[in-house]
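Contents: one structure, followed by commentary.
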Amino acid sequence: MANDVTHVTIGIQRSANDVYDFLSVPQNFPKWAPGFCLSIEETNTDNTWKIQTSNGEAHVAFVEKNKLGVVDHYVTMNNVTVYVPLRVIARGSGSIVVFTLFRQPGMTDSDFEADRTAVEKTCSNSNHCWKNNGRLLSFRPESSKAS
């Protein structure tokens, strides 16, 4: 079972509040996950957003804003819903973002590794920064696998 999950962690030299405030706004999803979410638009369903991905249309539902740094979301594509735990954790004056990736049923080792690599690439997007209201959120990706 332990090999069915991996965690991608990112250290960010910004406060957990700043990082959470950025990640928890659905409209920012294409900014922090540009390799996955190409665009996003609101739907008529509470807290559900239509997104365009490189693999086609999907829907994403984020958990409600909270004080715990939880930015979990559910991505539905082709009638399959995937739970994506995402946490922002305070660490000194900075923060750690932990993205949990679960192996999906029927996924091969190479497919799971490709997903992990894609998540790492998304997390360390092109300039190794996230923008938040014009301010840079610089970070250095660090990956750790659950054992």
Looking at His7, is it part of a strand (DSSP E or B), out of contact with any His (no Cβ under 7 Å at 6 or more places or on another chain) and modelled with pLDDT of 95 or more? no
Leading residue by the ranking (surrounded by the fewest Cβ atoms within 10 Å (Cβ to Cβ)) among those in the range 1-15 that are within 19 Å of Val84 (Cα to Cα) and hydrophobic (A, V, I, L, M, F, W, C): Met1
Test for His73: is it at pLDDT 95 or above and closer than 18 Å to Val88 by Cα: yes
Return the pairs, sorted by first residue and then second, in which the second residue is assigned to a helix (DSSP H, G or I) and of a type in the set (S, T, N, Q), the first residue lies in the range 28-52 and is in contact (Cβ under 8 Å) with a residue 12 or more places away in the chain and within 18 Å of Val119 (Cβ to Cβ), the beta carbons are less than 6 Å apart, and the residues are 6+ apart or on different chains. Ala33/Thr122; Gly35/Thr122; Phe36/Thr122
Based on what the data block shows, is Tyr20 over 18 Å from Gln104 (Cβ atoms) and not in a loop (DSSP other than H, G, I, E, B)? yes
For the range 26-54, which residues satisfy the criterion of being in a loop (DSSP other than H, G, I, E, B) and at pLDDT 90 or above? Thr43
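The values are calculated or read from the model by the stated rules, or taken from the named source; none is laboratory data. Please read all numbers here as calculations on a predicted model, not as lab measurements. With ideal geometry, Cβ positions are generated from the backbone for all residues, glycine too; neighbour counts draw on all protein chains shown.
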